[in-house]
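Please read the structure below before turning to the comments.
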Amino acid sequence: MLAILPPFLLGCLSLTLLILNTLFWCALLFSFSLVKLLLPFHAVRVRMDPLLNRIATAWITCNSFWFGLIQKRPWRVEGVDDLRYEGWYLVNCNHQSWVDIFVLQRVLNRRIPMLKFFLKQQLIYVPVIGLAWWALDFPFMKRHSKAALRRNPELRLQDRETTRRACEKFALVPTSVMNFAEGTRFTAAKHRDQSSPYRHLLKPKAGAMALALGAMGDKFRSLIDVTIVYPGGTPTFWQFLCGRTAGVVVQVRQLPLPMEFSSGDYGGDSAFRSRFHQWLAQLWEQKDQQIADVLAADQKR
């Protein structure tokens, strides 16, 4: 419906709708978060957290509605019919753009419990939404350079402790723990600098996923492996708002998690760490082939 508008006008309208929707639901979110902040007791948290998640889910639902109105082409989504809105899930996805987050939210909203992301520490300063992420217990991770880690190896323990504390909170109510294993958005320059062995992916980083599995692996029902492909090229966030996304393909697989990963010592057991890397590399090879197949099929259309 809205896709008939000129792109610039559509982008301005989309941005306005996003801001108004965010301000409305965040006002409710902050009001109830204040109760949790003032009464930091377990009994309060187990009642307030589901309510805060429902508010955030309503925000996503409203966004998803008008996202559908600005798309010129329908999305191709596969593998979501067997998902269940119960229990805990570990969710993994390739990462190309800020648009990925909105795609994931639209595709998985109300199909599995709300997605909780591991975020860069700097994102807590994003106006309004940064505070909303904090209220929803999204974990903020500090990024350290390799040089800094060599000088002070104990910095690695900061993210482990952040992950442990976050998983303790996630364990209170059903949650989908979201991880972008590449750790950053894919670009041709990063792909070249890494000498990545994959055609369409950066090298995966196992740390955050291994820590989440070690902290609460026995709670996860399964791994939800999501592959997002933009056959017409990866859109910027502004292009997405303008309805200039030339196709979106989302493939979802529900995979079992090896039981040993919920009890192994990723940091101290080199043999376990090697097995985990092999498992993740195999998963990444499959994902790389999925992307190649989607792109090849799109070229034949």
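The values are calculated or read from the model by the stated rules, or taken from the named source; none is laboratory data. Predicted model only: the values in this text are computed from it and were never measured. Cβ coordinates were reconstructed from backbone atoms using ideal geometry, including for glycine residues, and neighbour counts include every protein chain displayed. Surface accessibility is based on the protein's heavy atoms, side chains included, excluding ligands, DNA and RNA. Shrake-Rupley method; radii C 1.70, N 1.55, O 1.52, S 1.80 Å.
Per-residue answers, yes or no, for (1) at positive phi; (2) more than 18 Å from the chain's Cα centre (by Cα); (3) assigned to a helix (DSSP H, G or I); (4) touching a residue at least 24 places away in the same chain (Cβ under 8 Å):
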residue	(1), (2), (3), (4)
227	no, no, no, yes
231	no, yes, no, yes
235	no, no, no, yes
267	no, yes, no, yes
274	no, yes, yes, no
284	no, no, yes, yes
Here the qualifying pairs (Cβ atoms under 7 Å; residues six or more apart or on different chains; first in region 82-94 and more than 10 Å from residue 221 (Cα to Cα); second among the aliphatic types (A, V, I, L, M) and open to solvent by 10 Å² or more (accessible area, probe 1.4 Å)) come out as 91/115
Between 254, 239, which is under 25 Å from residue 176 (Cβ atoms) and of a type outside the set (Lys, Arg)? 254
Condition (residue is surrounded by fewer than 22 Cβ atoms within 10 Å (Cβ to Cβ) and in contact with a strand residue (DSSP E or B) (Cβ under 6 Å, 6 or more places away or on another chain)) applied to region 235-249: is it met by at least one residue? yes
Based on what the data block shows, is residue 65 in contact with a helix residue (DSSP H, G or I) (Cβ under 9 Å, 6 or more places away or on another chain), over 25 Å from residue 254 (Cα atoms) and either open to solvent by 20 Å² or more (accessible area, probe 1.4 Å) or not in a loop (DSSP other than H, G, I, E, B) (or both)? no
The condition of being more than 27 Å from residue 244 (Cβ to Cβ), polar (S, T, N, Q) and either part of a helix (DSSP H, G or I) or without any contact (Cβ under 8 Å) to a residue 12 or more places away in the chain (or both) holds, among 57, 16, 22, only for 57
